[in-house]
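Comments concern the structure below.
The values are calculated or read from the model by the stated rules, or taken from the named source; none is laboratory data. Everything numeric in this text was worked out from a predicted model, so none of it was measured. All Cβ positions, glycine included, derive from the backbone under ideal geometry; neighbour counts span all protein chains shown. Keep in mind that these areas ignore ligands, DNA and RNA; they rest on the heavy atoms of the full protein, side chains included. Shrake-Rupley method; radii C 1.70, N 1.55, O 1.52, S 1.80 Å.
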Amino acid sequence: MTFGVAIFLGFLLLATQVMVHLYATSMVTAVAFDEARRASTQGGHCAGVEVRVVDRLGEWASRPGVSVTCTAGVPPGPGTPGVPTTVRVVGPSPARALSIFGSQPIARIDRSASFLTEREVAP
């Protein structure tokens, strides 16, 4: 009976940690997507992207291992294709119990989003 309860609690811990990891990955993906879209509509300017990402992701984003990078794009010109604006967020997974499996994709969250850069409209 004790062995059965221990196995059940182990599976419950595993399921909880997987859900925490998937939720965190989903949140990071959504924030990267939103900020890449915002930066691309502002002509590819990355000013303030890192601050907004840290603000939206809260305590997790202020950890030392988390990095936010924004690569500014170039809007398309006459006869030239545009370069997309990309926002990338990388950091450790908050599901620390999954690190016992030693798999790198589980231990880290690495998400990026790209949008074609638009020209700024002058008022």
Enumeration of residues in the stretch 1-28 that are touching a strand residue (DSSP E or B) at 6+ places or on another chain (Cβ under 8 Å) and open to solvent by 100 Å² or more (accessible area, probe 1.4 Å) | none
Count of residues meeting criterion [within 10 Å of residue 115 (Cβ to Cβ) and either among the basic types (Lys, Arg) or assigned to a loop (DSSP other than H, G, I, E, B) (or both)] in the stretch 29-43 | 2
Residues being closer than 24 Å to residue 48 by Cβ and small (Gly, Ala, Ser) - total across the stretch 72-94 | 4
Among what's in the stretch 101-123 and is farther than 15 Å from residue 66 by Cα and at pLDDT 85 or above, pick the residue that is farthest from the chain's Cα centre (by Cα).
-> 115
Give the stretch 45-87 a look and list any residue that's basic (Lys, Arg) and either in a helix (DSSP H, G or I) or touching a Gly at 6+ places or on another chain (Cβ under 6 Å) (or both), or say none.
-> 52, 56
Which members of the stretch 49-78 meet the condition of being over 18 Å from residue 29 (Cα atoms) and modelled with pLDDT of 85 or more?
-> 64
Within the stretch 35-94, how many residues are small (Gly, Ala, Ser), at negative phi and free of Cβ contacts under 8 Å to residues at least 12 places away in the same chain?
-> 3
Can residue 39 be described as under 16 Å from residue 21 (Cα atoms), among the small types (Gly, Ala, Ser) and open to solvent by less than 80 Å² (accessible area, probe 1.4 Å)?
-> no
